[in-house]
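The values are calculated or read from the model by the stated rules, or taken from the named source; none is laboratory data. Predicted model, so just to flag it, every value in this text is computed and none were measured. Every residue, glycine as well, gets a Cβ built from its backbone with ideal geometry; the counts of neighbours run over all protein chains shown. Surface accessibility is based on the protein's heavy atoms, side chains included, excluding ligands, DNA and RNA. Shrake-Rupley method; radii C 1.70, N 1.55, O 1.52, S 1.80 Å.
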Amino acid sequence: MAMPLHLTVKLGTYLMKQKIKRVEKYPLIMELEPLFACNLKCAGCGKIQHPASVLKQRMPVEQAVAAVEECGAPMVSIAGGEPLMHPQIHVITQELLKRKKFVVLCTNAVLLPKHIDKFKPNKNFAWMVHLDGIGEKHDEAVSKEGVFEQAVTAIKLAKEKGFQVYTNTTVFNTETPADLIATLDYINDDLGVDRLEIAPGYAYEKAPDQDRFLGVQQTRELFSKAFADGRRKKWRFNHSQLYLDFLEGKADFQCTPWGVPLYCLKGWQKPCYLLDDGYAATWKELLEDTDWENFGRGKDPRCDNCMAHCGYEPTAVLATMGSLKESLRAFAG
Ligand code: SF4
Ligand code: SF4
């Protein structure tokens, strides 16, 4: 499944400008985390372990907007924590839409019905609901009973009100190919969301349950079985064909760690969305002061099992845009 046309044009124009200006390193999507607090305590979460004094903080609107403007990425994914616990999250969203950004608001959806009327449908805005399985499976992943039903109710409400809804499914080693097929079929066919994202969970050092993460070989086996028999083509993935190839072991490449940078309450996380080696005060400082060649599979042991889209999707997108054959394949998809 290819990206919507207006997004393909937005991204293509942005990439062309970087090429003309001969910019070597630039972001495709910026991750913005304006708070760390959350109303859930998922077992695989690497975000909610901060002390209470940090969990209380909320990023001011002006600071969030200034960071987005400094890095210049055409797309912004707002996450956290739970963004709907930020009292001005709708203002941050509006300000980014005014600046022609494509904004995705990631949420566990528990608070979505309460806050939905602060937002308006927009072709440059989508809810991204976290959904790791069907029924008890999702409840187990988020460590709370009843959240699956709440998420499904919220998705249906958002669709009824005319919003675009995406889902994000994180996959752990507790998943069988049959489970994953059932989950993606349900989200794609029964819920009818606009786009689906999937990612193997990254083994955050801070995650409370360290035994649930997949290795590279396990990831490839799981996805190749789930994608077999033409299923990959029927699901409306929000991923490039090359990233899907990468997940099922049909392609291999290095990550682009600056492609999806993270700005949070502490600054720009070094070096990437997943590793936490300190913070830079500005995007420029992050770019210029990071030894990028030290990161990636085979270079840092923490990267060895990473197959996350924040690192590898930018490589896949850049390779797609740089190849006529891959561009035609993406268009056909
Ligand atoms: S909903 Fe997201 S931020 Fe909240 S605990 Fe779960 S993984 Fe962490
Ligand atoms: S492999 Fe993953 S964890 Fe390592 S630098 Fe790349 S994106 Fe970050």
For this session: Mind running the shape call on region 52-126? Use the C-alpha gyration tensor, a ≥ b ≥ c as the square roots of the eigenvalues: rounded below 1.5 for a/c, prolate if a/b tops b/c, oblate otherwise.
Result: oblate
Exercise. Looking at region 101-190, which GluC sites (Glu not before Pro) are DSSP coil and have at most 12 other C-beta atoms within 10 Å of their C-beta?
Worked result: Glu145
For this session: Give the span of the chain's Cα atoms along each principal axis, as three whole-Å numbers ordered largest to smallest.
Result: 47, 45, 38
Exercise. Could you give the nm distance between label points at Ala319 and Lys98, where each point is 7 Å from its Cα heading toward the beta carbon?
Worked result: 4.1 nm
Exercise. Would you list Asp289, Asp304, Asp185 from the most to the least accessible area, probe 1.4 Å?
Worked result: Asp289, Asp304, Asp185
Seminar exercise, completed: For the pair Asp277 and Asp194, the simple spin-label estimate (label points 7 Å beyond Cα toward Cβ) gives in nm 3.6 nm
Seminar exercise, completed: Residue span Asn294 to Val61: 0.36 nm per residue of separation minus Cα-Cα distance leaves a gain in nm of 80.5 nm
Problem set entry | Global geometry of region 135-187, whether rounded, prolate or oblate, following the gyration tensor of its Cα atoms and the 1.5 cut on a/c | oblate
For this session: Considering only DSSP beta bridges where both residues belong to the chain, give the percentage that are antiparallel (nearest 5).
Result: 10 percent
Exercise. How high is the relative contact order of the chain, given as a whole-number percent (alpha carbon pairs under 8 Å, six or more residues apart)?
Worked result: 19 percent
Problem set entry | Between region 51-79 and region 231-310, the alpha-carbon center distance in angstrom | 19 Å
Exercise. Taking amide hydrogens as modeled 1.01 Å from N in the peptide plane, which residues meet the under 5 Å criterion relative to Phe237, leaving out close sequence neighbours?
Worked result: Leu196
For this session: List the trypsin sites (Lys or Arg not before Pro) within region 101-201 that fall in a DSSP loop (any state other than H, G, I, E or B) and whose Cβ has at most 15 other Cβ atoms within 10 Å.
Result: Lys123, Lys161
Exercise. Which Cys in the chain stand alone, with every other cysteine's Cβ at 4.7 Å or more from theirs?
Worked result: Cys38, Cys71, Cys106, Cys255, Cys264, Cys272, Cys303, Cys306, Cys310
Problem set entry | Cα-based Rg and Dmax for region 204-299, where Dmax is the largest Cα-Cα distance (Å) | 16.4, 48
Exercise. Given 0.36 nm per residue, what is the gain on full extension from Asp229 to Leu7 after removing their alpha carbon distance, in nm?
Worked result: 77.0 nm
Exercise. Relative to the present Cα-Cα distance, how much length would full extension add between Glu160 and Phe253 at 0.36 nm per residue of separation?
Worked result: 29.5 nm
For this session: Please find the FRET efficiency linking Asp304 to Ser143, where r is the Cβ-Cβ separation and R0 is fixed at 35 Å, and quote it to the nearest 0.05.
Result: 0.85
